[in-house]
Each structure stands twice: as C-alpha cells, then as structure tokens.
Amino acid sequence: MIDQNKIPCHIAIVMDGNGRWAKKRNLPHLAGHNAGMGAMKEIIKKSSALGVEHLTVYAFSTENWKRAADEVNGIFKLLVLYVDKELEELHENNVKVKILGDYRALPKFAVERIEKAVQRTQDNTGMQFNIALNYGGRDEVVRAVKDICEQIKDGSLLPEQVTEETISERLYTGKNFANVPDPDLVIRTSGEMRISNYLLWQSAYSEFVFTDVLWPDFTPLDLEKAIFEYQNRERRFGGR
C-alpha cells in the first residue's frame, strides 16, 4: 500500500514502448500510439485521484522529427483526437493543461487544438498536466542561456547575478512559463534505462523508476508500484 501522505508532488513520465507494443501484435506503429493515448488517460485520472500536483509526460521530442513522416503526422492527429475527445472531461475534473517545448513548430491544426486546451483549462486549480511537445532538454537549456546572454548584452543583467535560479526560471518549467517544480519521481517504461534528453536540468535530484512494462500496458497499478518504490527510498539531495 502506498502512503497517501508521501505522494510525490511532481511525477514525470517517459512514455516508451508504443512501437514495440504494436510490433508484438503485428500492428502498425500508430496503433501503438493510439493504445498509448488510452493508457495516458487512465494515468492522468489516477494521478489526479492520488493527489499528484503535477504530471508531466514526454509526448514528442525534438529528436522525434527524425521518424517517418507518416508516423509523425499520425502522432499529431492522435494528439488532436485526444484533445477533442477528452478536453471537457479534463476541464470538468479541474485539470490544468500546460505545454513544455516549442509547440508552435507543430502543424497549424495541432497548434490550434493545443492552445484551445490550454485556454480552456487555464483557470483550473486541480492537478497540472504538462505535455512535453517538441521538447528537448538541451534545447531548453540553450534557449535559457541565449536569453541570459541577451540580457547581459543589453546591460539588464550582470554576469555575477547569474545563478541556478536565473537559469531555472527561463526554462519551460520556470515561473515565467509553466511554473512547475522539479520532478520528485521520473518513470520510464519499456525497459530502457536512459533519460533521452528529458528534463535534464530539472531531474538533477529526481528519483528514477524503470519498468519493463510497455507504455500501452502501463496501468494505474503500475503507477502505484512506482510510487511505492519511490516512497521506500531515502532522498538525501547530496547530503548524508
């Protein structure tokens, strides 16, 4: 049983394994992504019910553009389908939607739906659901550094004034954007044990849980198992 008094404030997930799930069933890749959307819906509901304040999912990375055009376009269409189908339920459940990443580089039809979801839920006060779209951790840091350089160049910021907070607040998760605390727990499905350019700065002291379960098969019970493992670790943040 998980301890309701020790629920992580922010859970971030790398939703990996959609393609392998489909391949095992001799289905096209998009069938895996579609099944993954169903899993995501259940994890959003469960996270909100448990009292998680922030849930972040890695939906599309800056590297995913390298995939076949049909798969990329299919992912965007599935995203639009998800928003059209689930937005009102998210809104009724008081979930606030935020986007991490340069989502405006996506096709116009996807951008319009994304902005609709953000605007529709902007005043909600329940769990914040952060979708990382066209997101890359290194790209995020580069953007922050460029912004700081511009401020130093125009004299509005001195080099000695640059701190960790100066960088943090300029990231997509920063107080000037989505205003998300660093993740307490990062979960990656499908048996892969790497971070894949995800929340590089923010996950410096996160706890990681890796599971062999492919994302479409990841259930609320699997989420509870990951939280249970998190709760049974001692977080020292570099101390003894």
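The values are calculated or read from the model by the stated rules, or taken from the named source; none is laboratory data. What you see is a predicted model; the values in this text were computed from it and never measured. Note that each Cβ is placed from the backbone with ideal geometry, even for glycine, and that neighbours are counted across all protein chains shown. Heads up: the accessible areas ignore ligands, DNA and RNA and are worked out on the full protein's heavy atoms, side chains in. Shrake-Rupley method; radii C 1.70, N 1.55, O 1.52, S 1.80 Å.
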Pick from the stretch 212-240 the residues that are part of a helix (DSSP H, G or I) and free of Cβ contacts under 8 Å to residues at least 40 places away in the same chain: which of them is surrounded by the most Cβ atoms within 10 Å (Cβ to Cβ)? Asp222
Taking the stretch 38-75 and keeping residues open to solvent by 70 Å² or more (accessible area, probe 1.4 Å) and in a loop (DSSP other than H, G, I, E, B) leaves Glu53, Glu63, Arg67
Only one of these is open to solvent by less than 70 Å² (accessible area, probe 1.4 Å), modelled with pLDDT of 95 or more, under 18 Å from the mean Cα position of the chain (by Cα) and under 24 Å from Ala105 (Cβ atoms): Val145, Val141, Val186, Val209. Name it. Val141
Flagged pairs (Cβ under 9 angstrom, 6 or more apart or on separate chains; first in the stretch 149-174, touching a residue at least 40 places away in the same chain (Cβ under 8 Å); second open to solvent by 70 Å² or more (accessible area, probe 1.4 Å)) are Tyr172/Arg143; Thr173/Asn179; Thr173/Asp182; Thr173/Trp201
Looking at (1) under 18 Å from the mean Cα position of the chain (by Cα); (2) assigned to a loop (DSSP other than H, G, I, E, B); (3) surrounded by 12 or more Cβ atoms within 10 Å (Cβ to Cβ); (4) of a type outside the set (Ser, Thr, Tyr), which one does Gly191 not meet, given that it meets all the others? (1)
Out of Leu78, Leu133, which single residue is surrounded by 21 or more Cβ atoms within 10 Å (Cβ to Cβ) and touching a helix residue (DSSP H, G or I) at 6+ places or on another chain (Cβ under 7 Å)? Leu133
Ala35 passes all but one of the listed conditions (1) assigned to a helix (DSSP H, G or I); (2) open to solvent by 30 Å² or more (accessible area, probe 1.4 Å); (3) modelled with pLDDT of 95 or more; the exception is number (2)
(1) modelled with pLDDT of 95 or more; (2) open to solvent by less than 60 Å² (accessible area, probe 1.4 Å) all hold for Gln122 apart from (2)
Of the residues that make up the stretch 48-56, is at least one among the polar types (S, T, N, Q) and modelled with pLDDT of 95 or more? yes
Out of curiosity, is Val95 open to solvent by less than 30 Å² (accessible area, probe 1.4 Å) and either more than 18 Å from the chain's Cα centre (by Cα) or under 28 Å from Pro181 (Cβ atoms) (or both)? yes
Considering only the stretch 89-114, state which residues are closer than 19 Å to Ile44 by Cα and without any contact (Cβ under 8 Å) to a residue 24 or more places away in the chain. Glu89, Glu92
